[in-house]
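Below: the structure, in structure tokens.
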Amino acid sequence: MLKGKRAGVLLVAAAVGLWFLAAGISMAELKSPADFTFEQGKTSPGKVTFSHGKHMVNDIKCTACHFRVFKMKKGSADTSGEAMHNNTACGLCHDGKKSFSVSDENDCATCHRK
Ligand code: HEC
Ligand code: HEC
Ligand code: HEC
């Protein structure tokens, strides 16, 4: 009885291990999605397009944003008002230190395009 249970636990552990291996391979092959545009708020100075490609620089890894900052699903983030400027979203890096700032008048148009 106990023996059977133990074998079962081992089998489950092996299956989980295989699953991680498979997931690891598919993560490595996972391409970043195409550019997309956020829903534009009423007072927004222009549409903001997010490019994964332009973020795959300076050793930025997927985990810099996923899942700490953003879900891996378009339209999940709170884009109401200036929520995206906060350090819980784009403002985490666009703070004038890690990258250009959301509060620099010269850089509004780097994100907000007419
Ligand atoms: C600089 C931040 C950032 C990095 C780094 C990043 N992503 Fe994303 N990703 C986002 C944002 C923002 C969204 C959209 C989330 C939302 O709308 O709530 C997103 C969405 C996604 C989606 C969902 C697309 C869809 O159509 O729903 C996938 C898949 C994804 N990312 C994969 C990746 C992979 C793979 C990497 C690494 C190669 C990566 N991301 C790196 C910010 C990032
Ligand atoms: C790093 C990218 C980025 C920068 C830089 C940036 N923004 Fe934004 N901002 C966003 C995103 C993303 C949204 C949400 C989408 C939208 O409303 O267009 C947003 C939303 C806004 C909104 C709220 C719109 C609404 O009615 O809900 C205003 C106002 C705004 N930004 C003004 C500015 C101004 C002014 C600057 C420059 C001082 C600036 N932004 C710089 C990304 C940025
Ligand atoms: C993990 C940090 C990080 C986060 C989070 C992040 N960015 Fe960036 N972003 C960068 C870095 C680094 C660059 C490269 C430019 C640089 O070196 O300053 C960049 C570049 C950009 C560019 C300029 C592309 C070009 O050269 O024209 C835009 C636009 C941009 N980000 C928008 C956004 C928006 C919108 C969000 C939120 C949805 C966001 N970023 C979130 C780090 C980040």
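The values are calculated or read from the model by the stated rules, or taken from the named source; none is laboratory data. Predicted, not measured: the structure shown is a model, and the values here were computed from it. FYI the Cβ positions are ideal-geometry reconstructions off the backbone, even for glycines, and counts take in every protein chain you see.
Within this structure, ASP78 fails the test of being in a loop (DSSP other than H, G, I, E, B), surrounded by 13 or more Cβ atoms within 10 Å (Cβ to Cβ), out of contact with any Asp or Glu (no Cβ under 6 Å at 6 or more places or on another chain) and at pLDDT 95 or above. Within the stretch 34-53, residues that are surrounded by fewer than 13 Cβ atoms within 10 Å (Cβ to Cβ) sit with their Cβ atoms under 9 Å from residues that are among the aromatic types (Phe, Trp, Tyr) and at pLDDT 95 or above, at 6+ positions apart or across chains, in these pairs: ASP35/PHE50; PHE36/PHE50; THR37/PHE50; SER51/PHE36. Listed by first and then second residue, the pairs with beta-carbon distance under 9 Å, at least 6 apart or on different chains, first residue in the stretch 64-78 and farther than 17 Å from LYS54 by Cα and of a type in the set (Gly, Ala, Ser), second within 11 Å of ligand 3 (Cβ to nearest atom) and in a loop (DSSP other than H, G, I, E, B), are GLY75/PHE38; SER76/PHE70; ALA77/PHE38; ALA77/VAL69; ALA77/PHE70; ALA77/ALA89. Being in a helix (DSSP H, G or I) and more than 8 Å from ligand 1 (Cβ to nearest atom) is the requirement here; does ASN106 meet it? Judged against the criteria, ASN106 is a match.
In summary, ILE60 fulfils each of the numbered conditions (1) more than 7 Å from ligand 3 (Cβ to nearest atom); (2) at pLDDT below 95; (3) on the phi < 0 side of the Ramachandran plot with the single exception of condition (1).
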